[in-house]
Amino acid sequence: MSKQDTRTSHDPQGLQRRQLLATAASLGLAPWLLSACASQAAAPVAGAPRDRTAGQRRKLGPFEVYPVGLGCQWHPGSVPGAVLDAYHSGFDRPAAVALIRRAVERGVTLIDTAEAYGPFLSEEIVGEALQGLRDKVVLETKFGFDIDLKTGKRLGVQNSRPEHIKQVVEAQLRRLRTDRIDVLIQHRVDPQVPIEEVVGAVKDLVAEGKVLHYGLSEPGVQTIRRAHAELPLAVIQNEYSMLWRGPEAQVLPVCEELGIGFVCWSPLGMGFLTGSVQADSRFETSPDMDFRAMVPRFAPEALPANMALVKVVKHWAERKSATPAQLALAWLLAQKPWIVPIPGTTKIAHMEENLGAAAIRFTPEELRQLNTDVVAVTIQGARLPPAVMVLSGVEAPLKR
Ligand SMILES: NC(=O)c1ccc[n+]([C@@H]2O[C@H](COP(=O)([O-])OP(=O)(O)OC[C@H]3O[C@@H](n4cnc5c(N)ncnc54)[C@H](OP(=O)(O)O)[C@@H]3O)[C@@H](O)[C@H]2O)c1
């Protein structure tokens, strides 16, 4: 059986979508209309079997998803076969596959990964795990770093040139074992490439049916507006949690104004909000680095003051009969009805615990009090090391 045959035989929605695209193309319809047709035909939730979590859905741009997603950001560890997250938690590939499959069985519908995670390894694991489950999820992946397409070696920092984006997507489709990416996200704005050129490449991929929607991660606000004017954005994916509330100033209002969904990365503050970090915690630097060892807000001089936020989380978790992780995720869900966190974990028990956040409700008075408590804590230390920080809030250059 050819690759194309294999895809369509397992993917009746995909076949229907491609037929729609072919019809629309032959009628000379605009790319955004093609995109709209594609998203209708491939709406991942419609027609899915009802499950325990049915009814717990929220709008995320053009999608309807379970309120808590799953982040799949893993890389090879120094021990052969080990798969590690950024914070020194590890498992192996079969366990990672099992975690994703269990999450989808439990009703998770938003799965996030990226070319750069591994590189390639996380997409390969997600592709393996989603065999037979692909139509149940909204699959997000990202491009944007300068990674050799064959070896996975980093060549430079960023690369969002249109021809490179198209090559990356071809490789991603192979690794993810799918015929389409539901949301293709630019993994940080490239200061060398006008956003209009990036969106031009996305439009071509949408017209070909390889990408259904797109998003930006940590963009400058004007870049959001410029991209959205070219082709409506589905999501913005930024860091947002009780530990980092930066998006509240400008990015969330723009998303609200333009109807763009918001996905929060590091929604548990890189594990800090779960109560697993102490004032005297120190983070591994070798042989496998815990990313927090490089992050100023986790430095020995910052941690003791920052523990005041953990105290707030624990107090409110007790008050709401929840765990700290659930409380931190429920706080995000309560901020806007179009926000979806993607907590990362290496443990099925933690994943299942995190899904419980969707059931927690705050009265308006509780939310007011909780927000007041959160705002009262001033976090010490920057959220990212300087070399990573410079990739955030970047405005793309104007069209040449
Ligand atoms: N767009 C971007 O630039 C960007 C950047 C970073 C991340 N992301 C995405 O965002 C996702 C999540 O971010 P993240 O992994 O950095 O941070 P996170 O979700 O805030 O925290 C993950 C940490 O929390 C722990 N954890 C999770 N659930 C727990 C629970 N119920 N109880 C106790 N500990 C728990 C995990 O350890 P255990 O394994 O022990 O559970 C892990 O150490 C990533 O997977 C990735 O998809 C995107």
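The values are calculated or read from the model by the stated rules, or taken from the named source; none is laboratory data. Computed from a predicted structure; not experimentally measured. As a convention, Cβ positions derive from the backbone with ideal geometry for all residues, glycine included, and neighbour counts pool all protein chains shown.
Tabulated data
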{"quantity": "Options VAL108, VAL97, VAL104, VAL83: the member that is among the hydrophobic types (A, V, I, L, M, F, W, C), in a helix (DSSP H, G or I) and touching a strand residue (DSSP E or B) at 6+ places or on another chain (Cβ under 9 Å)", "calculated": "VAL104"}
{"quantity": "Residue check, VAL206 among the hydrophobic types (A, V, I, L, M, F, W, C), crowded, with 22+ Cβ neighbours inside 10 Å, free of Cβ contacts under 8 Å to residues at least 40 places away in the same chain and over 22 Å from TRP265 (Cα atoms)", "calculated": "no"}
{"quantity": "Some residue of region 222-234 being outside any helix (DSSP H, G or I), closer than 27 Å to THR109 by Cα, in contact with a helix residue (DSSP H, G or I) (Cβ under 8 Å, 6 or more places away or on another chain) and within 16 Å of the ligand (Cβ to nearest atom)", "calculated": "yes"}
{"quantity": "Residue within region 241-256 that is touching a strand residue (DSSP E or B) at 6+ places or on another chain (Cβ under 8 Å) and among the acidic types (Asp, Glu) present", "calculated": "no"}
{"quantity": "Which listed residue, of VAL295, VAL313, is within 12 Å of the ligand (Cβ to nearest atom), touching a Leu at 6+ places or on another chain (Cβ under 8 Å) and closer than 15 Å to LEU384 by Cβ", "calculated": "VAL295"}
{"quantity": "Residue within region 254-267 that is hydroxyl-bearing (Ser, Thr, Tyr) and surrounded by 15 or more Cβ atoms within 10 Å (Cβ to Cβ) present", "calculated": "yes"}
{"quantity": "So SER321, is it modelled with pLDDT of 95 or more and either buried (at least 18 other Cβ atoms within 10 Å of the Cβ) or assigned to a loop (DSSP other than H, G, I, E, B) (or both)", "calculated": "yes"}
{"quantity": "Unmet requirement for ALA382, which otherwise passes all of (1) without any contact (Cβ under 8 Å) to a residue 40 or more places away in the chain; (2) within 30 Å of GLY144 (Cβ to Cβ); (3) among the small types (Gly, Ala, Ser)", "calculated": "(1)"}
{"quantity": "Qualifying residue in region 47-64 (condition: at pLDDT 95 or above, within 30 Å of ARG154 (Cβ to Cβ) and among the charged types (D, E, K, R))", "calculated": "no"}
{"quantity": "Residue that is farthest from the ligand (Cβ to nearest atom), among those in region 258-281 that are farther than 19 Å from PRO324 by Cα and assigned to a loop (DSSP other than H, G, I, E, B)", "calculated": "GLY259"}
{"quantity": "The lone exception for ALA302 - which of (1) exposed (fewer than 13 other Cβ atoms within 10 Å of the Cβ); (2) touching a Pro at 6+ places or on another chain (Cβ under 7 Å) it fails", "calculated": "(1)"}
{"quantity": "Leading residue by the ranking (surrounded by the fewest Cβ atoms within 10 Å (Cβ to Cβ)) among those in region 160-190 that are within 16 Å of the ligand (Cβ to nearest atom) and over 15 Å from the mean Cα position of the chain (by Cα)", "calculated": "ARG175"}
{"quantity": "Pairs where the first residue, in region 332-343, is within 17 Å of VAL138 (Cβ to Cβ) and the second is at pLDDT 95 or above and assigned to a helix (DSSP H, G or I), C-beta under 6 Å, 6+ apart", "calculated": "ILE339/LEU332; PRO341/LEU329; PRO341/LEU332; PRO343/ASN354"}
{"quantity": "Looking only at region 85-99, and only at residues there that are in contact with a Ser or Thr (Cβ under 8 Å, 6 or more places away or on another chain) and within 19 Å of GLU115 (Cα to Cα), the one that is farthest from the ligand (Cβ to nearest atom)", "calculated": "ALA96"}
{"quantity": "Whichever residue in region 241-253 is within 15 Å of the ligand (Cβ to nearest atom) and over 25 Å from LEU212 (Cα atoms) and, among such residues, is surrounded by the most Cβ atoms within 10 Å (Cβ to Cβ)", "calculated": "MET242"}
{"quantity": "Among (1) acidic (Asp, Glu); (2) within 21 Å of GLY215 (Cβ to Cβ); (3) in contact (Cβ under 8 Å) with a residue 60 or more places away in the chain - the single one GLU284 does not satisfy", "calculated": "(2)"}
{"quantity": "Output for region 111-150, where each listed residue is of a type in the set (Gly, Ala, Ser) and either out of contact with any strand residue (DSSP E or B) (no Cβ under 9 Å at 6 or more places or on another chain) or touching a residue at least 40 places away in the same chain (Cβ under 8 Å) (or both)", "calculated": "ALA114, ALA116, GLY118, SER122, GLY127, GLY132, GLY144"}
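Residues are listed down the side, and each one gets a yes or a no for (1) at negative phi; (2) of a type outside the set (Ser, Thr, Tyr); (3) away from the ligand (no atom under 11 Å from the Cβ); (4) surrounded by fewer than 20 Cβ atoms within 10 Å (Cβ to Cβ):
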site	(1), (2), (3), (4)
ALA82	yes, yes, yes, yes
VAL108	yes, yes, yes, no
GLY118	no, yes, yes, no
GLY132	no, yes, yes, yes
VAL137	yes, yes, yes, no
